[in-house]
1. (1) crowded, with 18+ Cβ neighbours inside 10 Å; (2) in contact with a Gly (Cβ under 7 Å, 6 or more places away or on another chain): which one isn't true of residue 155, the others all being true?
2. Looking only at region 200-238, which residues are under 30 Å from residue 146 (Cα atoms) and either of a type in the set (Ser, Thr, Tyr) or within 19 Å of the chain's Cα centre (by Cα) (or both)?
3. Hey, residue 106 hits all of (1) at pLDDT below 90; (2) in a helix (DSSP H, G or I) but one; which does it fall short on?
4. Would you pick out the residues in region 235-260 that are among the aliphatic types (A, V, I, L, M) and touching a residue at least 24 places away in the same chain (Cβ under 8 Å)?
5. In this structure, is residue 85 more than 22 Å from residue 213 (Cα to Cα) and out of contact with any Cys (no Cβ under 7 Å at 6 or more places or on another chain)?
6. Go through (1) in contact (Cβ under 8 Å) with a residue 12 or more places away in the chain; (2) out of contact with any Pro (no Cβ under 7 Å at 6 or more places or on another chain) for residue 220 and report which single condition fails.
7. Given (1) surrounded by 11 or more Cβ atoms within 10 Å (Cβ to Cβ); (2) assigned to a loop (DSSP other than H, G, I, E, B), identify the lone condition not met by residue 219.
8. Can you tell me which residue is modelled with the lowest pLDDT among those in region 79-103 that are within 27 Å of residue 220 (Cα to Cα) and assigned to a loop (DSSP other than H, G, I, E, B)?
Amino acid sequence: MDMRILLQRTLRAIAGFSICVALAAQPAPPKYDPVSVARGQQAFVASCGFCHGSRAKGGEKGPDLLRSVVVLDDENGKGIGRVILKGRPEKGMPKFAMTEDQIVDIANFLHQSIYSAADRDSYQTLNIVTGDASAGKAYFNGAGNCGSCHSVTGDLKGIGAKYEPVTLQDRLLMPLDFGPSASTKAVVTVTVTTPSGEAVSGPLLWIDDFTVALRNSQGTYVSFARKSDVIPQVEVHNPFKPHSDMILHFSDAEIHNLTAYLVTLK
């Protein structure tokens with residue numbers, strides 16, 4: 001056989017072997033149970049979305065978790081779980097009482113989000129403007145009672161041009177500083193009055209049946225043990241309560257219709 005032909009065949013074989021080795025060396029893309037991811041997304045939005053955004057890409061208070069070292073280094077929820085269960089009071093993050101399965105679901109949601117964002121060839125933001133704008137307008141002015149707080153010629157004027165549809169829908173479900181109080185960066189606040197009559201007010205950091213925590217006027221983290229419903233007296237001031245109440249009974253159709261209507265406000 002001609003030596004040149006033999007050399008060419010040898011080089012092709014070496015090149016082909018190298019490609020196969022390189023492909024074999026690449027780790028298989030992570031796969032997360034879509035049912036677990038869906039559960040994790042729901043739990044995340046309910047408990048964490050207010051600070052970190054409904055897509056975990058950061059909010060007014062919380063950082064972007066898709067770039068968090070804790071999340072990136074996490075394995076099956078172990079690293080994330082320590083933060084969820086213990087909280088970070090010094091940074092204003094309360095602790096959450098969650099089961100191991102709930103933590104794993106949230107971890108799967110975060111890891112799947114990271115993988116999807118990195119895999120740009122397959123990552124897509126689908127068109128979410130699928131609702132009926134006229135039905136959304138009727139809901140806004142009727143059953144939704146949105147006009148009691150908002151005005152399409154006031155705080156919502158031009159909102160459809162200000163935000164992309166996906167961001168607009170996120171703001172609808174997780175309003176943060178969105179709405180008539182946006183100029184003052186409205187937050188949920190609380191006033192705690194002790195039996196001695198001392199009243200302490202500030203941004204609410206955590207509240208449950210046993211504890212209420214806030215940041216006082218000096219910026220210090222303060223917590224109080226709740227001995228009953230009235231000791232100490234606790235008064236929560238939540239400018240976003242109408243939104244949080246709506247989430248409990250919002251239908252998918254109402255969300256998409258309302259989003260479609262808000263998109264038209266340009």
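1. (1)
2. 201, 204, 205, 206, 238
3. Going through (1) at pLDDT below 90; (2) in a helix (DSSP H, G or I) one by one, residue 106 breaks only (1).
4. Once the filter is applied, which keeps residues that are among the aliphatic types (A, V, I, L, M) and touching a residue at least 24 places away in the same chain (Cβ under 8 Å), region 235-260 yields 236, 246, 247, 253, 255, 258, 260.
5. no
6. Tallying (1) in contact (Cβ under 8 Å) with a residue 12 or more places away in the chain; (2) out of contact with any Pro (no Cβ under 7 Å at 6 or more places or on another chain), residue 220 fails exactly one: (1).
7. (1)
8. Checking each candidate, the answer is 92.
The values are calculated or read from the model by the stated rules, or taken from the named source; none is laboratory data. These numbers come from a predicted model, not from an experiment. Cβ: placed from backbone, ideal geometry, glycine included. Neighbour counts: every protein chain shown.
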